[in-house]
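K.L.:
This is the structure I want to talk about, given as structure tokens.
The values are calculated or read from the model by the stated rules, or taken from the named source; none is laboratory data. What you are looking at is a predicted structure, and each value in this text was computed from that prediction instead of being measured. Cβ placement follows ideal geometry from the backbone for every residue including glycine, while neighbour counts extend to all protein chains displayed. Heads up: the accessible areas ignore ligands, DNA and RNA and are worked out on the full protein's heavy atoms, side chains in. Shrake-Rupley method; radii C 1.70, N 1.55, O 1.52, S 1.80 Å.
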Amino acid sequence: MEHVQDSTSKRRNRTKKHFHEALIKLIKKKGYQAVTVKDIVEEAAYNRSTFYFHYQDKIDLAEDILDKMFTGLEKSAGMNYTPGKKTYTKALDVPSFALIAYIYEHKEFFELVKYDDTLPSMHTRFPNAILSIYEKQFEFMTINDMHVNMSYFKVYTAYGFYGLVRNLIAKDFQISEEQFTKDVIELSQTHIQSFKYIGE
């Protein structure tokens with residue numbers, strides 16, 4: 001019985017993945033507003049009844065994509081850190097940034113931020129997810145333990161990182177993941193001495 005449930009769950013996830021991919025592809029082709037459920041089922045090679053088994057409408061599908069991708073982004077941030085352990089920025093290396101690896105791995109989705117007519121709230125949820133990561137998951141120590149308004153510091157740093165990512169996406173990920181990560185580490189070393197991962 002458990003095997004049957006597991007098999008059904010995998011099949012549902014696979015079907016949803018195909019609908020996700022279809023909507024993302026169609027947005028890039030014709031814009032979110034112009035996409036219909038008919039377009040989505042044809043692109044994904046399913047029928048309408050299968051679509052409506054999983055989603056109420058196009059908006060429901062869009063929300064599912066956004067929730068899944070940004071939950072994944074937030075979870076990726078702390079993957080390589082131990083809660084409570086201090087990490088010095090001088091000790092950072094490319095594997096330290098699972099967050100950047102996640103963005104590269106899912107670049108088909110994150111490229112949607114380049115489009116005006118894209119998933120609803122894409123332009124606000126992306127920077128807000130990064131800010132949420134900085135605010136909730138990390139404690140930062142500035143260079144020489146300089147006193148700053150830490151709330152402002154996190155906003156400044158989070159939106160700075162978001163700006164770098166937006167620029168990367170605008171240039172179609174022409175910079176390799178390794179080089180981009182090294183550049184981010186180098187920049188972080190100019191204003192962050194260390195940080196502590198405090199968990200989600």
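K.L.:
Consider only pairs whose beta carbons are under 8 Å apart and that are at least six residues apart or on different chains; among these, list those whose first residue lies in the stretch 47-58 and is modelled with pLDDT of 95 or more and whose second residue is in a helix (DSSP H, G or I) and of a type in the set (Ser, Thr, Tyr).
P.N.:
Between residues of the stretch 47-58 that are modelled with pLDDT of 95 or more and residues that are in a helix (DSSP H, G or I) and of a type in the set (Ser, Thr, Tyr), the close pairs are 50/15; 54/15.
K.L.:
Residue 42 passes all but one of (1) over 28 Å from residue 172 (Cβ atoms); (2) more than 24 Å from the chain's Cα centre (by Cα); which number fails?
P.N.:
With (1) over 28 Å from residue 172 (Cβ atoms); (2) more than 24 Å from the chain's Cα centre (by Cα) applied to residue 42, the lone miss is (1).
K.L.:
While we're here: Would a scan of the stretch 110-125 turn up a residue that is in a helix (DSSP H, G or I), under 25 Å from residue 21 (Cα atoms), β-branched (Val, Ile, Thr) and open to solvent by 70 Å² or more (accessible area, probe 1.4 Å)? First the steps, then the outcome.
P.N.:
Of the residues in the stretch 110-125, the ones in a helix (DSSP H, G or I) are 110-114, 122-125.
Retained after the next criterion (residues that are under 25 Å from residue 21 (Cα atoms)): 110-114, 122-125.
If we keep only those that are β-branched (Val, Ile, Thr) as well, we get 113, 124.
Still in the list and also open to solvent by 70 Å² or more (accessible area, probe 1.4 Å): 124.
So far as the stretch 110-125 goes, yes, one or more of its residues are in a helix (DSSP H, G or I), under 25 Å from residue 21 (Cα atoms), β-branched (Val, Ile, Thr) and open to solvent by 70 Å² or more (accessible area, probe 1.4 Å).
K.L.:
With respect to residue 171, determine if the residue is free of Cβ contacts under 8 Å to residues at least 40 places away in the same chain, open to solvent by 70 Å² or more (accessible area, probe 1.4 Å) and out of contact with any Asp or Glu (no Cβ under 6 Å at 6 or more places or on another chain). Steps first, please.
P.N.:
On the way: free of Cβ contacts under 8 Å to residues at least 40 places away in the same chain: yes; open to solvent by 70 Å² or more (accessible area, probe 1.4 Å): yes; out of contact with any Asp or Glu (no Cβ under 6 Å at 6 or more places or on another chain): yes.
In short, yes.
K.L.:
Looking at this structure, is residue 165 touching a residue at least 24 places away in the same chain (Cβ under 8 Å), open to solvent by less than 50 Å² (accessible area, probe 1.4 Å) and more than 23 Å from residue 83 (Cβ to Cβ)?
P.N.:
Details: touching a residue at least 24 places away in the same chain (Cβ under 8 Å): yes; open to solvent by less than 50 Å² (accessible area, probe 1.4 Å): yes; more than 23 Å from residue 83 (Cβ to Cβ): yes.
Yes; evaluated as a whole, the condition is true for this residue.
K.L.:
Let me ask something else about it. Could you run through the stretch 70-81 and say how many residues are over 20 Å from residue 181 (Cβ atoms) and in contact (Cβ under 8 Å) with a residue 12 or more places away in the chain? Before you say what the answer is, go through the steps one by one.
P.N.:
If we filter the stretch 70-81 for residues that are over 20 Å from residue 181 (Cβ atoms), which is where we start, we get 70-71.
Add one more test, that the residue is in contact (Cβ under 8 Å) with a residue 12 or more places away in the chain, and what stays is 70.
Count: 1.
K.L.:
Does any residue of the stretch 38-45 turn out to be in contact with a helix residue (DSSP H, G or I) (Cβ under 6 Å, 6 or more places away or on another chain), over 24 Å from residue 199 (Cα atoms) and either of a type outside the set (A, V, I, L, M) or surrounded by fewer than 18 Cβ atoms within 10 Å (Cβ to Cβ) (or both)? Step through it out loud before you land on a result.
P.N.:
Here is the first cut: in the stretch 38-45, the ones in contact with a helix residue (DSSP H, G or I) (Cβ under 6 Å, 6 or more places away or on another chain) are 39-41, 43-44.
Keeping just the survivors that are over 24 Å from residue 199 (Cα atoms) gives 39-41, 43-44.
Then keep just the ones that are either of a type outside the set (A, V, I, L, M) or surrounded by fewer than 18 Cβ atoms within 10 Å (Cβ to Cβ) (or both); that gives 39, 43.
The answer is yes; a qualifying residue exists.
K.L.:
For the stretch 145-154, does any single residue satisfy the condition of being under 17 Å from the mean Cα position of the chain (by Cα) and either open to solvent by 40 Å² or more (accessible area, probe 1.4 Å) or at pLDDT 95 or above (or both)?
P.N.:
Our first condition is that a residue be under 17 Å from the mean Cα position of the chain (by Cα); within the stretch 145-154, this holds for none.
Within the stretch 145-154 (the criterion being under 17 Å from the mean Cα position of the chain (by Cα) and either open to solvent by 40 Å² or more (accessible area, probe 1.4 Å) or at pLDDT 95 or above (or both)), the answer is no, since none of the residues qualifies.
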